[in-house]
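Reading through the structure tokens given below for one structure.
The values are calculated or read from the model by the stated rules, or taken from the named source; none is laboratory data. Not measured: the values here are computed from a predicted model. Here the Cβ positions follow ideal geometry from the backbone for every residue, glycine too, while neighbour counts run over all protein chains shown. Just the protein is used for accessible areas: all its heavy atoms, side chains included, with ligands, DNA and RNA removed. Shrake-Rupley method; radii C 1.70, N 1.55, O 1.52, S 1.80 Å.
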Amino acid sequence: MFTHGFMSFAAVCVTVACLVIIGGFSLIIYNLSLFVSDMEQQNRVMVYVDETYDTGAAKSVGSKINLVDNVREAVFMSREEAVERFVKDQGANETFSGINPSDLRDRFIVTLEDNSKMEETVEQIRAIEGVAHISDRPEIAEGIVTIQRVLNIVSIGIIIVLLVVSLFMISNTIKLAMYDRRDEIAIMKMIGATNRFIRFPYFVEGFLIGAISGAAAFFMEWGLYDLLANRIMRMQSMQLLTIAPFREVLLPMVLTFGVAGLFVGMFGSVMSIRKFLDV
Amino acid sequence: MILFRNVTKVYSTGSRALDGVNLQIDDGEFVFLVGPSGSGKSTIIKLLTAELELTSGSIEVNGYKLETIKKRQIPYLRRTVGVIFQDFRLIDNKTVFENVAYGMHVVGASSKEIQERVPYVLELVGLENRGRRLPHELSGGEQQRVAIARALVNNPAMIVADEPTGNLDPQRSYDIMMLLESINALGTTVMVVTHEQELVNRFTKRVIAIKDGKVINDGMDGYYINEET
Ligand SMILES: Nc1ncnc2c1ncn2[C@@H]1O[C@H](COP(=O)(O)OP(=O)(O)O)[C@@H](O)[C@H]1O
Ligand SMILES: [Mg+2]
């Protein structure tokens with residue numbers, strides 16, 4: 001086994017590198033999705049009701065808002081509550097202490113199902129009778145969703161390319177190992193060894209390359225991630241970005257590296273063995 | 001038993017190596033297959049070990065019908081036919097004992113069976129004192145004996161040898177033939193491919209002669225090639 005020590009080592013190195021990059025992209029995607037769902041909560045749409053409506057009439061506007069397709073929920077906040085909240089938010093600031101409920105409008109805090117359709121949804125809500133004004137920040141939400149989409153597509157592309165690279169690397173290593181022992185393989189066939197018997201050691205070699213690479217890549221990823229996460233957290237004093245601790249994604253990461261490593265290892269060796277034995 | 005019925009083999013290059021070959025070799029026979037270079041002798045051997053597919057006709061070897069054999073049955077067919085080549089085909093970095101043991105190992109024999117059987121077979125071919133040597137430390141004749149031991153080790157129904165003495169001097173060639181004859185005497189069918197007329201004529205055996213892919217003679221009258229046909 002590992003007749004091609006150098007080739008096997010090179011295959012492990014390339015596979016580790018590919019897996020680390022694949023893992024890196026997965027982690028970026030994961031953190032971004034956390035960030036987006038954070039933003040989603042901050043990015044609620046505030047719908048203000050015409051001030052001539054009394055509380056009852058205002059609440060009935062809410063049921064119409066709820067009928068709009070993309071609306072997850074519309075939570076009513078009366079002008080009195082709004083004043084209370086406002087005053088509380090401003091703390092002891094005297095300027096606002098004299099504010100009256102009648103100066104404000106009743107409102108709904110509307111959460112959407114899908115942020116990417118915010119503009120349409122806002123238009124639909126605006127068309128409802130009794131809606132006086134909507135405050136939203138669609139540019140930000142859409143911007144982030146677009147980034148997320150692009151990143152997803154790019155990542156999937158990169159992941160596929162890197163998987164193919166690892167596959168190719170392992171499959172070539174096995175092919176070379178088999179080529180090196182082609183005389184012995186010919187002898188085995190002549191004596192009546194089954195293909196299964198001939199394949200087995202090469203399959204094991206591919207499996208081991210995959211398994212070793214998966215394990216090595218996992219621990220490297222963990223170390224790198226913690227290092228980078230620390231750096232980022234220290235760099236930004238405002239803590240605008242929160243980065244998920246690696247422990248939170250430990251299990252999915254173990255699975256990702258395990259499955260990816262074993263997949264490229266076993267599939268890579270099977271690919272070359274198939275080609276080789278059918279000659 | 002080997003049974004060729006109207007066997008034709010045309011290579012993908014268009015070369016017609018065998019053309020309507022009929023032959024039957026029964027269990028326990030010793031047969032020489034002779035003919036000039038390029039007459040189709042090796043093609044016959046490659047067909048009967050299913051290394052090649054036949055173009056038309058039918059071949060039966062030890063109960064396997066080769067025109068319909070399934071890929072996964074081929075190893076089991078090969079276990080019934082021990083093959084020997086001119087170039088020995090030993091594994092250089094394994095000792096004599098290991099080379100012979102390998103023949104049993106690849107068909108899944110236990111190490112107990114291997115330890116029992118290999119010394120017996122090495123003794124049979126006269127190499128009982130050579131077990132620890134590497135192939136390159138042996139003479140050509142001895143290397144061919146290792147190959148014969150490996151072919152025999154799984155107790156095949158027949159031994160097929162393709163120019164087994166092509167690399168050996170006349171005395172060593174004769175010794176190898178004697179060895180194959182004694183193996184035949186123990187009940188194994190033997191087919192020896194050769195174009196060495198003198199060697200063949202030192203034995204009184206059935207000789208099948210082929211030329212241009214056709215059987216031109218089959219009998220006990222020694223090496224016979226009628227150059228006019
Ligand atoms: N792999 C091959 N591809 C094409 N033609 C071949 C091949 N092997 C043998 N032949 C041709 O088939 C004929 C018989 O070859 P072979 O069986 O090797 O003869 P022999 O063993 O009697 O010398 C020859 O004409 C040879 O050139
Ligand atoms: Mg030949």
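Near the amide H of residue B:166, within less than 5 Å, lie no amide hydrogens of residues on another chain or at least 5 residues away, with H placed in the peptide plane. Rounded to the nearest 10 square angstrom, residue B:105 shows an accessible area of 90 square angstrom against a 1.4 Å probe.
Placing +1 on each Lys and Arg Cβ and -1 on each Asp and Glu Cβ, with no other charges, gives the protein assembly as shown a dipole about its Cα centre of roughly 1500 debye. Taking all protein chains together, A:9, A:246, B:88 sort by accessible area into A:9, B:88, A:246, largest first [probe 1.4 Å]. Between the listed residues B:144, B:84, B:109, the Cα displaced farthest toward the positive end of the dipole of region B:76-177, a dipole computed from Cβ unit charges relative to the Cα centre, is found at B:109. Against the empirical 2.2 N^0.38 Å (N residues), region B:1-92 has a Cα radius of gyration ratio of 1.09. The distance linking region B:134-207 with region A:196-266 is 58 Å (Cα centroid to Cα centroid, whole angstrom). With only the Cα atoms considered, chain B has a convex hull volume of 124 Å³ per residue. Of the listed residues A:78, A:37, the order by accessible area with a 1.4 Å probe, largest first, is A:37, A:78.
With the cut-off at under 15 Å, measuring from each backbone N in region B:20-54 to a point 7 Å along the Cα-to-Cβ line of residue B:212 picks out B:20-21, B:36-40. Taking the Cα centre of chain B as reference, the dipole from Cβ charges on Lys and Arg (+1) and Asp and Glu (-1) amounts to some 840 debye.
Pairing chains A and B buries close to 1200 square angstrom of accessible surface in total, based on protein heavy atoms and a 1.4 angstrom probe. Here r is the Cβ-Cβ distance between residue B:181 and residue B:113 and R0 is 25 Å; the resulting FRET efficiency, rounded to 0.05, is 0.35. Just checking the listed ones, B:50, B:185, B:157: in the Gaussian network model of chain B with Cα springs under 10 Å, the one fluctuating most is B:185. Rolling a 1.4 Å probe over the protein heavy atoms leaves residue A:225 with an accessible area of roughly 30 Å².
Its relative contact order, with pairs defined as Cα atoms under 8 Å and 6+ residues apart, puts chain B at 28 percent. Normalised size of the protein assembly as shown, defined as Cα radius of gyration per 2.2 N^0.38 Å with N residues, equals 1.71.
Within the accessible surface of region A:44-136, defined with a 1.4 Å probe on protein heavy atoms only, the carbon and sulfur portion equals 45 percent. Per the 1.4 Å probe, what fraction of the accessible area of region B:1-53, in percent, lies on carbon and sulfur atoms? Carbon plus sulfur share of accessible area: 41 percent. Solvent exposure of chain B amounts to 47 Å² per residue of accessible area, where only protein heavy atoms count and the probe is 1.4 Å.
Taking the accessible area of region B:130-204, probe 1.4 Å, and keeping the other protein chains in place, the carbon and sulfur fraction comes to 42%. In terms of distances greater than 23 angstrom between alpha carbons, the cross-link table entries A:275/B:70; B:71/B:94; B:9/B:214; B:46/B:214; A:64/A:117; A:189/B:70 yield B:71/B:94. Largest first, the residues A:13, A:18 sort by 1.4 Å accessible area into A:13, A:18. Rolling a 1.4 Å probe over the protein heavy atoms leaves residue B:172 with an accessible area of roughly 110 Å². Residues of region A:178-216 with accessible area at least 50 Å² lower in the all-protein-chain context than alone (1.4 Å probe)? Buried-area filter returns A:184, A:187, A:190, A:191, A:192, A:194, A:197. Per residue, the accessible area of region A:44-136 comes to 59 Å², computed with a 1.4 Å probe over protein heavy atoms only.
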